Amino acid sequence: MASTYTPLGIELQATGENAGTWGTKTNTNLQIIEQVAGGYTTQAVSDSGDTTLSVSDGSTGATLSHRVIEFTGTLTGARNVTIPLDVQNFYILKNATSGSQVVTFKYATGTGTSAAVPNGKTVIAYAKADDGTNPNITMQEFGGDVVDDTSPQLGGNLDTNNNNIVTTSNRDLMLYPNGTGAVEVGGNDNPGTLILNCENNSHGIKLISPAHSASQSYQLKFPTNNCTAGTFLKVDSITGSGTTAVGQLSFDSDVASTGKAIAMAIVFG
């Protein structure tokens, strides 16, 4: 009776078979088991088509018989990496391809679920072999290091955990809202407050929003004219009215007309 093989290539030797080579085959099996348990390998993925991972019966080196697989290559479109329908294993997969494309780890055929690995991400993929025709692969994504992710997204609020966001090499901290979005400073138990510290971060001034009870939603636009010595800021024009008015500021060196009238009244009685 001839040997048979598992879906990951381990040889199951029949009774009385392989006299004189039993030890070598057993060692090979142990090496395959070692690969499956904790082996690492890379797999090139190309734009020429999907990548098929095949079993290598009775020998080491098959990509699908490694625990950790890192996908490499340069892609201009999403690609699939497929495994045979009977493979049952869990994998740690990293999409290290260039080009910001998704690599989907899936069974060769069928309509079962698959693992779509985003570019720069590392995931655990459970290949279940739970159906002879449509087996499923489920995926759990690691948090990972954002350095590995070229387009990181939050799944919830970002808690800095008493740490700061700090740039390096004297680089500015730049905030770029999308489209017509704005940078908003929220309030909580107090009105929204922007603090401008001194260079030692030991003193600072605050720009504070009016309290909730004031119901103010006005806007102030900074001047379009140049600032010069001896000028002051004034509201030059108003669009709209009330709590939602938009005020255009300007730099002016002349006192307001109301100020002139008061000054004249004081001088001339």
Pick from T26, T21, T15, T42: which is of a type in the set (V, I, T) and closer than 30 Å to V117 by Cα?
T42
Filter region 138-181 down to the residues that are in contact with a Lys or Arg (Cβ under 8 Å, 6 or more places away or on another chain) and modelled with pLDDT of 90 or more and list them by number.
T138
Given the options T224, T228, name the one that is over 35 Å from the mean Cα position of the chain (by Cα), surrounded by fewer than 10 Cβ atoms within 10 Å (Cβ to Cβ) and either part of a helix (DSSP H, G or I) or among the hydroxyl-bearing types (S, T, Y) (or both).
T228
I want to confirm something. Restricting to region 187-203 and keeping residues that are within 19 Å of Q219 (Cβ to Cβ) and of a type outside the set (V, I, T), which single residue is surrounded by the most Cβ atoms within 10 Å (Cβ to Cβ)?
P191
So which residues in region 67-91 are under 20 Å from I124 (Cβ atoms), outside any strand (DSSP E or B) and in contact with an Asp or Glu (Cβ under 9 Å, 6 or more places away or on another chain)?
Q88
Anything in region 105-123 that is surrounded by 19 or more Cβ atoms within 10 Å (Cβ to Cβ), at pLDDT 95 or above and either among the hydroxyl-bearing types (S, T, Y) or over 17 Å from P152 (Cβ atoms) (or both)? List them, or say none.
F105, K106, Y107, G112, S114, A115
Considering only region 253-260, I want to know if a residue exists there that is within 52 Å of the chain's Cα centre (by Cα), more than 30 Å from H212 (Cβ to Cβ) and at pLDDT below 95.
yes
Pairs under 6 Å by beta carbon, first residue assigned by TED's automatic domain parsing to the domain that holds Q219 and closer than 17 Å to S215 by Cα in region 231-252, partner part of a strand (DSSP E or B) and not hydroxyl-bearing (S, T, Y), six or more apart or different chains?
G240/V246; A245/I238; V246/Q219; G247/L220; G247/V235; G247/I238
Surrounded by fewer than 10 Cβ atoms within 10 Å (Cβ to Cβ) and assigned to a helix (DSSP H, G or I) - does that describe any residue in region 164-186?
no
Can you spot a residue in region 50-59 that is free of Cβ contacts under 8 Å to residues at least 60 places away in the same chain, in contact with a helix residue (DSSP H, G or I) (Cβ under 6 Å, 6 or more places away or on another chain), part of a loop (DSSP other than H, G, I, E, B) and farther than 30 Å from A78 by Cβ?
no
Go over the candidates L194, L207 one by one and state the one that is under 24 Å from D252 (Cα atoms) and among the aliphatic types (A, V, I, L, M).
L207
Out of region 1-25, which residues are outside any loop (DSSP other than H, G, I, E, B) and exposed (fewer than 13 other Cβ atoms within 10 Å of the Cβ)?
T4, L12, W22, G23, T24
All-but-one check, T133 against (1) surrounded by 10 or more Cβ atoms within 10 Å (Cβ to Cβ); (2) at positive phi, failing number (2)
The conditions are (1) over 27 Å from Q13 (Cα atoms); (2) acidic (D, E); (3) not in a loop (DSSP other than H, G, I, E, B), and D47 fails exactly one of them. Which is it?
(3)
From the set of residues in region 4-40 that are farther than 28 Å from V68 by Cα and of a type in the set (S, T, N, Q), which is modelled with the lowest pLDDT?
N18
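The values are calculated or read from the model by the stated rules, or taken from the named source; none is laboratory data. Just so it is clear, the model here is predicted, and its values are computed rather than measured. With ideal geometry, Cβ positions are generated from the backbone for all residues, glycine too; neighbour counts draw on all protein chains shown.
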